[in-house]
């Protein structure tokens with residue numbers, strides 16, 4: 001993702017500090033971390049901070065943003081969703097899972113891989129080619145990231161869009177409108193349906209809680 | 001550039017608006033803007049804000065970061081500089097051939113592959129983008145003012161000493177002796193290129209004056 005705006009705060013740093021030992025304890029080559037949560041819950045921020053801390057531990061980790069993998073181009077997505085109806089259109093099927101799994105396989109096999117990369121300033125879909133050789137870990141973040149199979153650690157941020165409405169306005173990412181709220185509600189339902197898959201939860205106070 | 005952090009504020013927006021007025025007045029097809037200045041003076045932030053404003057005007061644009069064009073990858077650069085001496089620091093560190101290739105792709109409106117550094121992995125990834133329909137190119141970087149064919153050459157009038165005073169640099173990196181020597185050398189080179197610019201930006205917050 002190019003041109004994204006992150007708002008990194010102490011809460012992300014604190015959560016990452018608690019998650020880090022979990023990762024180090026289970027450290028292995030080609031480790032995959034996934035972070036799910038609703039829009040504006042701080043997935044990308046958390047992912048950034050974890051990757052930075054891993055780097056300090058000498059672990060090379062590449063963040064991968066699943067927002068790059070929507071089958072429908074950002075500029076056409078709203079129209080497409082309107083044409084198909086929110087209930088059918090919005091959800092897991094919007095991701096290009098074939099490409100996601102192809103890139104993950106390339107990561108596992110130390111291969112050179114090409115992936116979509118959205119430029120948020122221009123809303124163009126560029127393509128990024130990277131060499132996964134020597135990359136020890138990836139962090140996949142996105143609404144439905146923990147749905148991905150073969151992930152080693154699944155993190156779920158419990159903040160819902162109701163609580164982050166303010167955060168969204170502050171981030172200035174998109175104007176609030178009624179249709180957007182319907183989409184957020186549908187995304188909320190789908191994200192919450194994935195909750196049980198998580199190994200680690202970040203609760204509404206941004207405290208880290210381990211599953212069972 | 002992947003995984004870089006921007007700190008955007010009103011002064012960047014104000015500066016970007018001043019540049020926008022000028023750009024709109026004299027816009028021609030395939031218009032190139034360079035933004036240069038010393039380290040951490042807000043080049044990337046101004047470029048980003050200007051990009052957003054141009055997009056709002058319906059103008060197709062792309063941002064380029066010259067930090068992607070160093071011949072030596074970030075992780076090896078320090079060693080390389082130590083081996084070659086401080087005089088090796090300067091605009092010849094950029095791979096100007098690759099820069100020319102990108103500019104050619106832009107002028108011809110073609111699918112173009114350019115370097116894209118991932119600051120976490122330290123790798124130079126390759127980004128493929130389509131310049132068809134892209135009207136404006138914004139190029140930011142220490143020595144981007146050297147790009148002769150640019151239509152507008154913006155120069156930010158701040159020095160690394162101001163940045164150190166504002167503690168912007170010390171928050172980001174350790175300033176050891178060698179790093180200080182590099183900053184001083186970059187300062188000299190950037191200041192020697194200053195006369196090439198045709199639009200000078202002054203972030204002196206007490207006056208908020210932007211002059212031509």
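The values are calculated or read from the model by the stated rules, or taken from the named source; none is laboratory data. These numbers come from a predicted model, not from an experiment. Backbone-built Cβ (ideal geometry, glycine too); neighbour counts: all protein chains shown.
Brief remarks on what is shown
- Per-region count, the stretch B:73-108, residues free of Cβ contacts under 8 Å to residues at least 40 places away in the same chain and not in a helix (DSSP H, G or I): 2
- Restricting the first member to the stretch B:137-148 and to residues that are more than 8 Å from residue B:35 (Cβ to Cβ), and the second to residues that are part of a strand (DSSP E or B), the beta-carbon pairs closer than 6 Å and six or more apart or on different chains are B:137/B:32; B:137/B:62; B:145/B:34; B:145/B:36; B:145/B:153; B:147/B:34.
- Unique match (being away from every other protein chain (no Cβ under 14 Å), part of a helix (DSSP H, G or I), without any contact (Cβ under 8 Å) to a residue 40 or more places away in the chain and surrounded by fewer than 18 Cβ atoms within 10 Å (Cβ to Cβ)) among A:77, A:55: A:77
- Residue pairs whose Cβ atoms lie under 6 Å apart, separated by 6 or more positions or on different chains, with the first residue in the stretch B:1-24 and touching a residue at least 40 places away in the same chain (Cβ under 8 Å) and more than 10 Å from chain A (Cβ to nearest Cβ) and the second surrounded by 18 or more Cβ atoms within 10 Å (Cβ to Cβ) and part of a loop (DSSP other than H, G, I, E, B), are B:11/B:203.
- Flag if residue B:101 is more than 10 Å from chain A (Cβ to nearest Cβ), over 15 Å from the mean Cα position of the chain (by Cα), surrounded by fewer than 22 Cβ atoms within 10 Å (Cβ to Cβ) and closer than 20 Å to residue B:72 by Cβ: yes
- Residue list for the stretch A:13-42, filter: farther than 29 Å from residue A:109 by Cβ and out of contact with any helix residue (DSSP H, G or I) (no Cβ under 7 Å at 6 or more places or on another chain): A:14, A:17, A:18
- Qualifying position, being without any contact (Cβ under 8 Å) to a residue 40 or more places away in the chain, buried (at least 22 other Cβ atoms within 10 Å of the Cβ) and assigned to a helix (DSSP H, G or I), among A:16, A:83: A:16
- Single residue of the stretch A:97-121 satisfying the filter (within 14 Å of chain B (Cβ to nearest Cβ) and in contact (Cβ under 8 Å) with a residue 40 or more places away in the chain) that is surrounded by the fewest Cβ atoms within 10 Å (Cβ to Cβ): A:120
- Subset tally (residues that are in contact with a helix residue (DSSP H, G or I) (Cβ under 6 Å, 6 or more places away or on another chain) and not in a loop (DSSP other than H, G, I, E, B)) for the stretch A:184-199: 4
- Test: residue A:45 is in a helix (DSSP H, G or I), over 19 Å from residue B:122 (Cβ atoms), in contact with a helix residue (DSSP H, G or I) (Cβ under 7 Å, 6 or more places away or on another chain) and within 11 Å of chain B (Cβ to nearest Cβ): yes
- Odd one out for residue A:98, checked against (1) farther than 16 Å from residue A:34 by Cα; (2) touching a helix residue (DSSP H, G or I) at 6+ places or on another chain (Cβ under 8 Å); (3) at pLDDT 90 or above: (2)
- Checklist (1) surrounded by fewer than 23 Cβ atoms within 10 Å (Cβ to Cβ); (2) outside any helix (DSSP H, G or I) applied to residue B:55, failing item: (2)
- Complete set of residues in the stretch B:25-52 that are within 26 Å of residue B:185 (Cβ to Cβ), in contact with a helix residue (DSSP H, G or I) (Cβ under 7 Å, 6 or more places away or on another chain) and not in a strand (DSSP E or B): B:37, B:38, B:39, B:40, B:41, B:42, B:45, B:46
- Filtered by the rule that a residue be more than 15 Å from residue B:112 (Cα to Cα), free of Cβ contacts under 8 Å to residues at least 60 places away in the same chain and facing chain B (nearest Cβ under 7 Å), the stretch A:123-134 gives a lone residue, A:131.
- Filter result for residue B:42 (away from chain A (no Cβ under 14 Å), within 19 Å of the chain's Cα centre (by Cα), at pLDDT below 95 and within 27 Å of residue B:165 (Cα to Cα)): yes
Every residue, every condition in (1) under 30 Å from residue B:79 (Cα atoms); (2) modelled with pLDDT of 95 or more, yes or no:
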position	(1), (2)
B:101	yes, yes
B:107	no, yes
B:125	yes, yes
B:145	yes, yes
B:158	yes, no
B:168	yes, no
B:177	yes, no
B:193	yes, yes
B:211	no, no
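- Qualifying residues in the stretch A:10-37 (those that are closer than 28 Å to residue A:186 by Cα and within 14 Å of chain B (Cβ to nearest Cβ)) - the one modelled with the highest pLDDT: A:33
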